[in-house]
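Chemist: Supplied in structure tokens, the structure appears directly below.
The values are calculated or read from the model by the stated rules, or taken from the named source; none is laboratory data. Predicted model, so just to flag it, every value in this text is computed and none were measured. All Cβ positions, even for glycine, are placed from backbone atoms using ideal geometry, and neighbour counts span all protein chains on display. Heads up: the accessible areas ignore ligands, DNA and RNA and are worked out on the full protein's heavy atoms, side chains in. Shrake-Rupley method; radii C 1.70, N 1.55, O 1.52, S 1.80 Å.
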Amino acid sequence: MNHSKQKQLRHDWERQEVEALFGLSFPELLYRAQTIHRLFSDPTAVQVSSLLNIKSGACVEDCAYCPQSAYHDTGLPEEALLEVEQVVEAARAARAAGVGRFCMGAAWRSPSDRDLERIEAMVRGVKALGMETCMTLGMLTAEQARRLKAAGLDYYNHNLDTSPEFYGTVITTRTYQDRLETLHHVREAGIKVCCGGILGMGEERKDRVGLLLQLANMDPHPESVPINLLVQVEGTPLEEVEPLDPLEFVRTVAVARILMPHSLVRLSAGREGMSDEMQALCFLAGANSIFYGERLLTTPNREVGADDRLFHRLGMQRMTVEDEPAETTTGSGIHYRGCHHA
Ligand code: SAM
Ligand code: DTB
Ligand code: SF4
């Protein structure tokens, strides 16, 4: 990576600077986001991942947004951890649809060591198909993170969800610090980090600023930053929260892009309710990854035909795995690949 690009990767952002970015006019903010995006990536390329719920429902945590929490009556049945073969079969189908990264999620506070054996077999099975693997299983110990790395896991998703200040109004059964500790174990084990949050939970702009500050001041930045728009599920406490202004969502994507120029910024949950035009604005703001496939974890995702048509209408295409802006840390420092416009 050349010197001018390296200089853009900062980990010392101040709150006032991030507030100032949010305060820019919309045209100026999008111009800055696009400028930085083009320096690091091809603005027409979008990375696609598929999602599979490998263990659904009856989670012991009280996350107010989540349909899988046992605290909320959402009518979702509990299902046991899937068999390895079922997971590999679903990954094979995703691969046949042109998907390069397969993400597996479990409604757990944390995995038991016994469950982890089957999880390791899933990672090995999906890797053997030549796909990238991602897991989200709740909190991990340092040892569990090392085991997942040894099984070949590429990414671990663990979201901070919101600002440290707003967090306690959304979740009470685990702390922000718990989340940071798991992220530390994941990073130390050499697994790439996927970490982002949810917008539209009734938080204020200062909380969106607070979330992005946390993410942007990680060193290195998370390789992947999912920005979810809350899916308001019946039976959850956030069912009737006031929806977020869509342009504020786009602004947040743009600020994330400026703060973390080299990360994949993923337009995650909530796309089903977005117009094509809103998604196009998000891509212009620097979003360059989506979940592709019929389902998220428990809720529907956008139909794949609609995504293919949107890419075609916008003259955009899927990013190949080789072109992903992967960042790997080795003994001699941080190495980058996939920078198109050097
Ligand atoms: N149980 C694990 C955990 O919480 O870390 C992994 C699965 S959990 C469902 C993964 C992420 O999904 C959460 O961190 C949250 O950001 C997101 N999520 C859950 N419910 C959502 C909803 N209704 N709308 C948007 N995002 C949601
Ligand atoms: C993430 O940030 N979003 C995904 C993934 N990581 C695991 C989950 C979205 C869940 C949306 C609600 C549901 O389908 O249950
Ligand atoms: Fe459980 Fe994860 Fe849902 Fe929280 S977000 S209730 S930890 S599945």
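Chemist: Within the group 109, 147, which residue is among the charged types (D, E, K, R), in contact with an Asp or Glu (Cβ under 8 Å, 6 or more places away or on another chain) and either free of Cβ contacts under 8 Å to residues at least 60 places away in the same chain or surrounded by 21 or more Cβ atoms within 10 Å (Cβ to Cβ) (or both)?
Modeler: After ruling out the rest, the residue left standing is 147.
Chemist: Can you tell me how many residues within segment 156-174 are touching a strand residue (DSSP E or B) at 6+ places or on another chain (Cβ under 6 Å), β-branched (Val, Ile, Thr) and open to solvent by 10 Å² or more (accessible area, probe 1.4 Å)?
Modeler: Selection size over segment 156-174: 0.
Chemist: Regarding segment 210-225, can at least one residue be identified that is within 11 Å of ligand 1 (Cβ to nearest atom), out of contact with any helix residue (DSSP H, G or I) (no Cβ under 9 Å at 6 or more places or on another chain) and touching a residue at least 12 places away in the same chain (Cβ under 8 Å)?
Modeler: There is no residue in segment 210-225 that is within 11 Å of ligand 1 (Cβ to nearest atom), out of contact with any helix residue (DSSP H, G or I) (no Cβ under 9 Å at 6 or more places or on another chain) and touching a residue at least 12 places away in the same chain (Cβ under 8 Å).
Chemist: Which members of segment 129-149 meet the condition of being at pLDDT 95 or above, among the small types (Gly, Ala, Ser) and closer than 22 Å to residue 83 by Cβ?
Modeler: 138
Chemist: Is there a residue in segment 148-159 that is away from ligand 3 (no atom under 15 Å from the Cβ) and under 25 Å from residue 308 (Cα atoms)?
Modeler: So in segment 148-159, the residues away from ligand 3 (no atom under 15 Å from the Cβ) come out as 148-155.
From what's left, under 25 Å from residue 308 (Cα atoms): none.
The answer is no; no qualifying residue exists.
Chemist: Turning to a different aspect of this structure: Exactly one of (1) within 29 Å of residue 304 (Cα to Cα); (2) in a loop (DSSP other than H, G, I, E, B); (3) within 13 Å of ligand 3 (Cβ to nearest atom) is unmet by residue 105. Its number?
Modeler: Looking at each condition in turn, residue 105 falls short on (2).
Chemist: Kindly establish whether residue 267 is within 16 Å of ligand 2 (Cβ to nearest atom) and within 12 Å of the chain's Cα centre (by Cα).
Modeler: Here the answer is yes, as residue 267 does meet what is asked.
Chemist: For segment 252-273, which residues satisfy the criterion of being assigned to a helix (DSSP H, G or I) and of a type in the set (Gly, Ala, Ser)?
Modeler: Correct list: 254, 256, 273.
Chemist: Of these, 225, 241, 253, which one is within 16 Å of ligand 2 (Cβ to nearest atom), at pLDDT 95 or above, over 26 Å from residue 62 (Cβ atoms) and of a type outside the set (Gly, Ala, Ser)?
Modeler: On the way: 225 fails: over 26 Å from residue 62 (Cβ atoms); 241 fails: over 26 Å from residue 62 (Cβ atoms).
After applying the criteria, what remains is 253.
Chemist: For segment 294-320, give me each residue that is closer than 25 Å to residue 54 by Cα, surrounded by 17 or more Cβ atoms within 10 Å (Cβ to Cβ) and over 19 Å from the mean Cα position of the chain (by Cα).
Modeler: Selection gives nothing.
Chemist: If you take the residues of segment 114-138 that are assigned to a helix (DSSP H, G or I) and hydrophobic (A, V, I, L, M, F, W, C), which of them is surrounded by the fewest Cβ atoms within 10 Å (Cβ to Cβ)?
Modeler: Among them, the one singled out is 121.
Chemist: Considering only residues that are crowded, with 18+ Cβ neighbours inside 10 Å, β-branched (Val, Ile, Thr) and touching a strand residue (DSSP E or B) at 6+ places or on another chain (Cβ under 9 Å), which ones fall in segment 44-102?
Modeler: 46, 48, 54, 87, 99
Chemist: Counting only residues that are farther than 24 Å from residue 228 by Cα, without any contact (Cβ under 8 Å) to a residue 12 or more places away in the chain and within 16 Å of ligand 3 (Cβ to nearest atom), how many does segment 66-102 have?
Modeler: Of the residues in that region, 0 qualify.
Chemist: Exactly one of (1) closer than 28 Å to residue 164 by Cβ; (2) polar (S, T, N, Q); (3) touching a Phe, Trp or Tyr at 6+ places or on another chain (Cβ under 8 Å) is unmet by residue 110. Its number?
Modeler: For residue 110, the exception is condition (3).
Chemist: Anything in segment 274-309 that is part of a loop (DSSP other than H, G, I, E, B), away from ligand 2 (no atom under 15 Å from the Cβ) and touching a residue at least 12 places away in the same chain (Cβ under 8 Å)? List them, or say none.
Modeler: 285, 286, 288
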